[in-house]
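Bear in mind these aren't lab numbers, they're just calculated from the coordinates by the rules spelled out. Treat the numbers as computed from the prediction; the structure is a model and nothing was measured. Heads up, the Cβs are rebuilt from the backbone with ideal geometry, glycines too, and the neighbour counts pull from every protein chain shown.
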Amino acid sequence: MERKGDKSNLHTDAGKYQGGMGRWSKRLAHLFLEFTGAIKEGDRVLDVGCGTGSLTFAIADATRASKIVGLDPSVGYLEYARANNTHPHVTFEIGDAQKLPYDDGSFDCCLSSLMIQFGPDAPTAVKEMRRVTKYRGSVATCVWDNSGGFELGERFWKAAMAVDPKANRPDKSFYGSPKTLSDLWIATGLKNVETKALVIPIEFICFDDLWHSHSNSQGPAKPYISSLSEDRRQALKARLRTDILGSRPDGSITLHAKAWAVRGLVPAR
């Protein structure tokens, strides 16, 4: 989740994020919650790096937690989440994952979706998540697979490099594998660490819907597309269309995205 620009731009970016990655993070949230299996009636839950609230709202809809806090450094994302919040036991607060503004053991469960790879120091963020979670409480996260499992991005950058060998593809997340996530959780002192692959469909009504998800939503593809001349942009669009549709007529498109999830329990202090 990129968070750049002033307050008004951030609010605009929140809407664009929802139109792009937000569509998939919302669907992923339900599988992630099933994997964690940790939230009981009356629990207090923290969602670190909540963004526009996809996971926070999924927790509210699927559990009987008594208190749910979504925390994020982006004012614009939080404004968007607050404007769409209908749950009285859900609040959204500004804060930094590197220094969570809560006392030790404040929450029964601490979750984070698609955030851990963006911070400057992932181990510090996980230590903070562990610190604010009570004994035997669950700490969990999920990250898109970095070995080609996020098919939408893979298809786009493969087409981009075919028409532009100098295309600057963004670096893949170091934590997008079960081993790196498991190692991170174990190194942080969490116990009973488990990982699992979470796979969701990514569906479009037609090719233009897919192209729009790249060209008009928040993410690394948009600035790259904007940097191209009109001729190069059309060449990229045509190449991607061929790669996706082949010789079949335009119509519904289904790709897939894989994320890796990890969970662990807080040991006695």
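Numbers at a glance
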{"item": "Stokes-Einstein diffusion coefficient of the range 119-248, Kirkwood radius over Cα pairs, 25 °C, 0.890 mPa s, in µm²/s", "result": "142 µm²/s"}
{"item": "Backbone HN-Hα couplings from phi across the range 47-59 [Karplus 6.51/-1.76/1.60, Hz, Gly and Pro as x]", "result": "10, 8, x, 5, x, 7, x, 4, 6, 4, 5, 5, 4"}
{"item": "Label point distance in nm, Lys196-Arg248, each placed 7 Å from Cα along Cα→Cβ", "result": "3.0 nm"}
{"item": "Cα-based helix-to-principal-axis angle, 21-36 vs the chain, degrees rounded to 10", "result": "40 degrees"}
{"item": "Helix axis angle, 178-187 relative to the chain longest principal axis, alpha carbon, degrees", "result": "30 degrees"}
{"item": "Cα shape, the chain, gyration tensor, a/c 1.5 rule", "result": "prolate"}
{"item": "Within the range 125-158: backbone nitrogen closer than 18 Å to the Lys40 label point (7 Å, Cα to C-beta)", "result": "133-140"}
{"item": "Calculated FRET efficiency for the pair Ile186/Arg64, C-beta based, R₀ 45 Å, to 0.05", "result": "0.90"}
{"item": "Extension gain from His212 to His89, taking 0.36 nm per residue of separation minus the Cα-Cα distance", "result": "40.7 nm"}
{"item": "Global geometry of the range 76-157, whether rounded, prolate or oblate, following the gyration tensor of its Cα atoms and the 1.5 cut on a/c", "result": "oblate"}
{"item": "Zone of Asn168's modelled label, taken as backbone nitrogen in the range 203-226 under 16 Å from a point 7 Å along Cα→Cβ", "result": "219-226"}
